[in-house]
Amino acid sequence: MNQITEIRPGVAVIILDEEKRVLLQKRADVGLWGIPSGHVEPGETVAQAAIREVLEETNLQIRIKKLIGVYSDPSSQVFKYPNGKKVHFITTCFLAEIVGGTLRCNSSESLAVQFFHKDNLPSDLLNMHPCWLDDAFANKEYSFIR
């Protein structure tokens, strides 16, 4: 199964703590670290999906602060699952702040959740996430379209 089987709307959320460390989750499906992310479900807005995914995966309640960017380039947005399925994601990435909850693995989708300094990220990071992090830390007033 080498061809893309579907295209899906995705969301990702960059959350920084008071020390400007970024929250990452170790994903159970591929065993790699990444930004909390997921799919938009039928009837949801991208903002609702982002808030729900973060709560499901980290137990944190968030407020969306700004749009970082929309990412659709197949060179970075095609994800191959361990079962061979290939999905092209159109991902809306947000910057958010924590407004409630206590950080913990709150889902079978996560093996761990932890804050990292941007200069000390895990080496086993999902391939598309460094670009999203670079865009977030660029601290531009405009959003990126990549």
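Table for the structure above
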item: Checklist (1) out of contact with any Gly (no Cβ under 7 Å at 6 or more places or on another chain); (2) touching a residue at least 60 places away in the same chain (Cβ under 8 Å) applied to Arg27, failing item; result: (1)
item: Counted residues, the stretch 46-78 - those being more than 13 Å from the chain's Cα centre (by Cα) and free of Cβ contacts under 8 Å to residues at least 24 places away in the same chain; result: 2
item: Condition met for Thr5 (touching a Leu at 6+ places or on another chain (Cβ under 9 Å), of a type in the set (Ser, Thr, Tyr) and farther than 15 Å from Ser110 by Cα); result: no
item: Filtered residues of the stretch 9-27 (kept if more than 16 Å from Arg63 (Cα to Cα) and loosely packed, with under 14 Cβ neighbours inside 10 Å); result: Glu19, Lys20
item: Residues located in the stretch 47-81, provided they are modelled with pLDDT under 95 and aromatic (Phe, Trp, Tyr); result: Phe79, Tyr81
item: Sole residue being out of contact with any Cys (no Cβ under 8 Å at 6 or more places or on another chain), in a loop (DSSP other than H, G, I, E, B) and of a type outside the set (S, T, N, Q), chosen from Pro82, Pro9; result: Pro82
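One line per residue, one yes/no per condition, for (1) surrounded by 15 or more Cβ atoms within 10 Å (Cβ to Cβ); (2) small (Gly, Ala, Ser); (3) closer than 14 Å to Leu55 by Cβ:
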{"site": "Leu95", "(1), (2), (3)": "yes, no, no"}
{"site": "Gly100", "(1), (2), (3)": "no, yes, yes"}
{"site": "Ser107", "(1), (2), (3)": "yes, yes, yes"}
{"site": "Lys118", "(1), (2), (3)": "no, no, no"}
{"site": "Arg146", "(1), (2), (3)": "yes, no, no"}
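The values are calculated or read from the model by the stated rules, or taken from the named source; none is laboratory data. Computed from a predicted model, the values in this text were never measured in an experiment. Counting neighbours? That spans all protein chains shown, and the Cβs are built from the backbone with ideal geometry, glycine included.
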